[in-house]
1. Could you grab me the full set of residues in the stretch 18-55 that are more than 15 Å from the chain's Cα centre (by Cα), of a type outside the set (Asp, Glu) and part of a helix (DSSP H, G or I)?
2. Select from the stretch 56-84 the residues that are assigned to a strand (DSSP E or B) and β-branched (Val, Ile, Thr) and list them in ascending order.
3. Going residue by residue through the stretch 41-56, is there one that turns out to be within 17 Å of Phe9 (Cα to Cα) and in contact with a Lys or Arg (Cβ under 8 Å, 6 or more places away or on another chain)?
4. For the stretch 37-71, name all the residues that are without any contact (Cβ under 8 Å) to a residue 40 or more places away in the chain and within 11 Å of Gly17 (Cα to Cα).
Amino acid sequence: YNDDQFVYFLLDVAAGGELFELYQEHDDWFGNASLARFFIAGCAVGLDHMHSKKVIYRDLKLENILLNAKGYPLLTDMGLAKQVL
């Protein structure tokens, strides 16, 4: 939502942590194609939703992918996002 000066984002709780940190902690994740597909698909769903709202997300990196309590990815840090008209 927004007011006269600011736009506010409400985010889900990301109890699963940051994907970047988890990737560093789990050596067995490297080269795991099914795990990569899972995270890529989850991010694609988020990007598709943003695009449907005419928003371009411009800061996709592991540090900006958080995980919810069930391990599903959440995109965060909308600082570089732009709305297209």
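Computed from the coordinates by the stated procedures, all read-outs in this text should not be read as laboratory data. Model, not experiment: these values are computed from the prediction. Glycine also receives a Cβ, built like all others from the backbone with ideal geometry; neighbour counts cover every protein chain displayed.
1. If the condition is that a residue be more than 15 Å from the chain's Cα centre (by Cα), of a type outside the set (Asp, Glu) and part of a helix (DSSP H, G or I), then Gln24, Trp29, Ala33, Ser34, Leu35, Ser52 are the ones that fit.
2. Across the stretch 56-84, the qualifying residues are Ile56, Ile65.
3. Within the stretch 41-56, one or more residues are within 17 Å of Phe9 (Cα to Cα) and in contact with a Lys or Arg (Cβ under 8 Å, 6 or more places away or on another chain).
4. Scanning the stretch 37-71 gives a single hit, Asn64.
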